[in-house]
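This report refers to the structure that appears directly beneath it.
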Amino acid sequence: MNVKQLTRNVTLALILGAMPLIAQAAAEIIVVNADEPGEGFNDPTPVQPIGGNNGLTLGQQRLNAFQYAANIWGRQLDSAVPIRIKSNFDPLACEKDSATLGSAGPLMVNRDFAGAPRTNTWYHGALANKLLEADDFEGEPVIRARFNSNLGKENCLEGGGFYLGLDGQHGHLTDLVGVLLHEFGHGLGFSNLTNGQTGRRYNGIPSMWDYHLYDLTAQKSWVEMTDAERVASGVNSRKLIWRGQNVTQAAPRVLQGAPELRISGLASVIGTYQIGTASFGPQITAAGTSAEVMPVVDQTDGRGLACDPLTANNASAIRGKIALVDRGTCSFNIKVKNAQLAGAVGVLVADNAAGSPPPGLGGSDPTVTIPAVRITKDDGEKLKLALKQRSRNRSGIYAALGISATQRAGSDEAGRLLMFAPNPYQPGSSVSHFDTSASPDLLMEPFNTESVKRNLDAPHDLTFPLLRDLGW
Ligand SMILES: [Zn+2]
């Protein structure tokens with residue numbers, strides 16, 4: 001049986017012309033221009049050449065950036081069938097401070113074609129054609145990609161539009177080539193066809209993605225789960241992993257050691273603790289920060305919020321120490337700054353809401369110079385119980401913030417990649433990206449990262465190893 005399926009109704013009426021790309025590619029990627037006259041790729045607004053992009057109109061520069069990104073992917077892939085990407089610029093969701101940069105996904109999926117590695121399993125159209133070694137879609141585009149035409153305009157990341165240069169020197173702008181590489185990745189196969197929000201499979205049939213997704217809590221892959229189990233798994237942060245061998249094998253060459261917190265001193269608290277790192281202050285380094293732990297106590301109920309400058313007693317207790325403070329009332333960077341001003345060398349923020357792993361500490365303050373991490377509510381309570389036995393200036397409990405010798409940032413203890421599964425669910429992002437704890441940043445994280453890679457394979461990135469797990 002040969003079953004083909006459109007993921008949505010396709011209107012071909014808007015296609016104005018196809019643009020074949022260079023032939024050196026191991027796979028030919030053809031960008032199908034779906035913009036109307038005068039807009040998007042056809043925008044005649046004159047521009048100056050920039051960063052190796054010699055186009056003299058806005059539309060031509062956009063096309064050149066597409067060609068450039070498509071060529072990078074084309075050199076990586078291996079397919080006898082040209083891959084057509086229907087692309088255009090549209091006004092996408094925008095706010096003053098955030099915007100959808102682009103979106104892409106498969107326009108076609110296929111199953112039970114000749115030579116399909118698994119029966120009754122969806123494959124993205126481009127991959128299915130590669131495996132079939134023939135075009136089962138008669139020349140129609142297999143990927144749909146849209147990019148935000150309003151980016152950088154009023155009330156749409158104003159002043160922060162796309163950088164159209166090809167050299168990655170994007171400064172404060174958003175690197176279009178980087179965004180294109182990311183979105184093409186989704187279209188080629190880096191996306192789940194099963195709805196994580198409802199747990200429902202596309203037409204009741206699993207995709208190759210579901211075979212590799214594994215939930216450490218349920219101890220099941222997504223193909224083994226009920227809809228309800230998949231819904232729970234889609235928000236099981238840092239417990240949803242990718243079991244594909246290519247990614248797991250490549251990960252040690254790509255990912256750095258994970259930041260970790262080790263506690264020592266008293267038998268009841270010894271161990272390695274889960275942490276969330278801070279978006280402000282210094283990064284945790286291999287050299288690390290070690291000191292005795294002392295709590296800040298500035299509330300009658302025993303909590304130490306550190307939202308105000310510390311009292312003389314508190315300051316005396318935490319000077320030269322790693323301060324334990326409670327989450328709540330004020331922002332994380334205020335707490336950490338108050339501890340720093342009182343002489344602390346590091347901060348542990350104990351969560352006030354149950355759950356694990358602990359999320360990171362958001363916020364920014366360039367004057368914070370000491371490291372800070374979040375620990376779970378449970379771990380915080382365990383530490384506080386042990387700290388009740390302290391003297392005024394000594395606790396006998398020690399914390400070391402450093403880099404793990406064994407666990408990599410963005411993977412589980414067995415070295416398998418964590419997938420993005422925040423709670424609440426984020427439509428369009430959840431389950432179809434690598435987790436944000438990966439370090440260095442990976443191309444297929446859900447947010448545009450500063451250091452977008454242009455090499456899609458290890459040791460620079462894990463995007464292509466994941467596609468190889470799917471059959472590329
Ligand atoms: Zn994405």
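Values in this text are rule-based calculations from the coordinates and carry no lab data. Remember, predicted model here, so these are calculated numbers, not experimental data. Every residue, glycine as well, gets a Cβ built from its backbone with ideal geometry; the counts of neighbours run over all protein chains shown.
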On the Cα set of region 265-368, report Rg and Dmax in Å, please. 13.2, 38
In degrees from 0 to 90, rounded to the nearest 10, what is the angle of the helix 332-341 Cα long axis to the longest principal axis of the chain? 40 degrees
quick shape note, region 244-308: Cα extents on principal axes in Å, largest first -> 54, 31, 25
Rounded to the nearest 500, what is the chain's calculated 222 nm mean residue ellipticity when only DSSP H runs of at least 4 contribute -39500 (n - 2.57) each, over all residues? -6000 deg cm²/dmol
Set 86/239; 86/220; 239/384 screened for pairs whose C-alpha atoms are more than 29 Å apart: 86/239; 86/220
What Kirkwood radius, in Å to one decimal, follows from the Cα pairs of the chain? 24.2 Å
Whole-number percent relative contact order across region 171-311, with pairs defined as alpha carbons under 8 Å at least 6 apart: 12 percent
In degrees, nearest 10, the alpha-carbon axis of helix 58-76 is tilted away from the dominant principal axis of the alpha carbons of the chain by 80 degrees
log10 of Debye I(q)/I(0), alpha-carbon scatterers only, for region 324-375 at 0.18, 0.21 Å⁻¹: -0.52, -0.70
Specify the angular offset, from 0 to 90 degrees and rounded to the nearest 10, of the alpha carbon long axis of helix 176-188 from the longest principal axis of the alpha carbons in the chain. 70 degrees
Give the separation of the Cα centroids, region 311-381 to region 47-65, in Å. 48 Å
Here the Cα Rg-to-2.2 N^0.38 Å ratio for region 122-177 is 1.71
Cβ charges +1 (Lys, Arg) and -1 (Asp, Glu), total dipole of region 327-472, debye: 880 debye
Given C-alpha coordinates of region 194-314, what is the ratio Rg to Rh with the Kirkwood estimate of Rh? 1.13
Taking 25 °C and 0.890 mPa s as the conditions, I'd like the Stokes-Einstein D for region 36-116 in µm²/s, using the Kirkwood hydrodynamic radius from alpha carbon pairs. 158 µm²/s
Stretch residue 154-residue 262 to full length: gain in nm at 0.36 nm per residue minus the Cα-Cα span? 34.1 nm
Using Cα-Cα distances under 8 Å and only pairs 6 or more residues apart, what relative contact order does the chain have, in percent? 14 percent
